């Protein structure tokens with residue numbers, strides 16, 4: 001049986017059941033659903049399978065489902081089932097990216113053949129992605145977002161897939177994780193790359209002038225409006241507009257923005273003229289918008305409209321192994337910025353940095369790189385002063401590193417030694433010997449552990 005699966009969507013129960021049974025008899029794994037919305041919730045970037053969907057369905061139709069799937073991962077094969085007289089519609093859909101179509105009534109053997117070819121194609125796409133990620137192919141996106149951990153590799157491939165489309169996107173991530181870098185990459189990978197890239201900080205908009213700032217106004221629209229003025233939305237026409245920290249947008253304005261998303265038009269304050277708006281929107285948020293919706297601070301309909309394509313930027317805590325590589329790049333950038341010669345980073349510094357927590361994420365790590373280039377200390381890293389480095393033998397450096405690791409593990413486990421020696425892969429006796437040799441004060445222990 002194939003390791004990939006078939007997602008079958010049809011609101012006609014009898015046809016859905018018979019088609020699913022026929023595919024299962026052909027040794028395919030099948031999940032049959034009656035609604036396109038349910039199918040869409042199962043689609044992710046890297047979905048391991050293909051989709052077979054009827055065009056005419058209650059609620060979301062098959063063509064809309066296909067468009068939504070392509071926004072998430074444009075290389076997922078979508079096979080359309082058409083009724084009599086819908087062939088021209090299906091051919092148009094194929095030009096827009098459908099893999100193939102079948103006209104009712106269709107031969108189940110024919111469907112199985114199409115599904116088999118689609119699964120082969122999907123399998124090849126996924127294998128190519130895997131091989132490219134293992135090879136760590138270097139490109140401009142990798143230079144912007146360096147790293148070899150699975151989460152950052154997946155982010156780069158997701159940005160490539162979404163960037164080429166015109167889909168509005170929601171970018172989620174902690175403060176300093178690189179949400180704006182991801183948004184800029186989406187813009188540069190799109191056909192809008194040569195057009196405006198405008199970032200609007202929703203939290204910094206003046207409360208009394210938000211509508212005017214975004215939508216613009218005509219002369220006399222309000223006291224002090226002496227002449228007409230374009231809003232930020234119009235300034236970004238043809239390009240990409242980033243709404244940074246969209247959760248800060250007042251609830252009353254969220255309804256207006258939802259209409260802009262849906263209709264791609266705006267109306268300036270004091271005017272009845274509708275202005276068409278050709279723009280791609282990217283919204284960023286550091287907060288959980290679902291929680292904001294539950295609390296009544298964010299409109300549910302706007303959240304679901306933005307949540308069709310979501311990019312999650314991982315925190316540094318999720319990719320600690322990338323910290324040394326990222327720090328080296330930030331040091332090179334800082335050296336160029338401050339006009340310094342290439343600066344080498346001692347291994348013990350990189351080890352220390354990789355063990356630290358970085359609540360400020362890449363932004364905090366960049367500040368640390370700047371301090372390092374300027375010859376300042378890196379607080380909390382335990383780095384050795386420059387004049388002392390040359391005098392330390394390798395054994396002393398190894399001992400200093402070992403001491404920091406053991407002391408950190410003891411503190412992390414609250415003084416209980418069992419998890420410490422299990423985590424470090426050494427015996428209890430060896431741990432005691434190293435503590436004695438490295439002059440680790442037993443006062444590090446909390447007293448509530450096994451000692």
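Looking across 238, 224, 208, one residue alone is in a loop (DSSP other than H, G, I, E, B), loosely packed, with under 14 Cβ neighbours inside 10 Å, in the same structural domain as residue 299 (by TED's automatic domain parsing) and more than 31 Å from the chain's Cα centre (by Cα). It is 224. Looking only at residues in the stretch 291-320 that are free of Cβ contacts under 8 Å to residues at least 24 places away in the same chain and not in a loop (DSSP other than H, G, I, E, B), the one that is surrounded by the most Cβ atoms within 10 Å (Cβ to Cβ) is 303. In this structure, residue 433 does not qualify as modelled with pLDDT under 80 and in a helix (DSSP H, G or I).
The rows are residues; the columns are (1) at pLDDT below 80; (2) within 16 Å of residue 146 (Cβ to Cβ); (3) in the same structural domain as residue 177 (by TED's automatic domain parsing).
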{"site": "329", "(1), (2), (3)": "no, yes, no"}
{"site": "333", "(1), (2), (3)": "no, yes, no"}
{"site": "341", "(1), (2), (3)": "yes, no, no"}
{"site": "344", "(1), (2), (3)": "no, no, no"}
{"site": "348", "(1), (2), (3)": "yes, no, no"}
{"site": "362", "(1), (2), (3)": "no, yes, no"}
{"site": "365", "(1), (2), (3)": "no, yes, no"}
{"site": "370", "(1), (2), (3)": "no, no, no"}
{"site": "374", "(1), (2), (3)": "no, no, no"}
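For the stretch 139-166, filtered to residues that are surrounded by 18 or more Cβ atoms within 10 Å (Cβ to Cβ) and in contact with a strand residue (DSSP E or B) (Cβ under 8 Å, 6 or more places away or on another chain), the residue that is nearest to residue 67 (Cα to Cα) is 162.
Pairs linking a residue in the stretch 114-139 that is outside the structural domain of residue 153 (by TED's automatic domain parsing) and assigned to a helix (DSSP H, G or I) to a residue that is at pLDDT below 70 and buried (at least 16 other Cβ atoms within 10 Å of the Cβ), with Cβ atoms under 7 Å and 6 or more positions apart or on different chains, are 119/2.
The values are calculated or read from the model by the stated rules, or taken from the named source; none is laboratory data. On a predicted model such as this, the values are computed, not experimentally measured, just so you know. Using ideal geometry, Cβ is built from the backbone for each residue, glycine included, and neighbour counts are taken over all protein chains shown.
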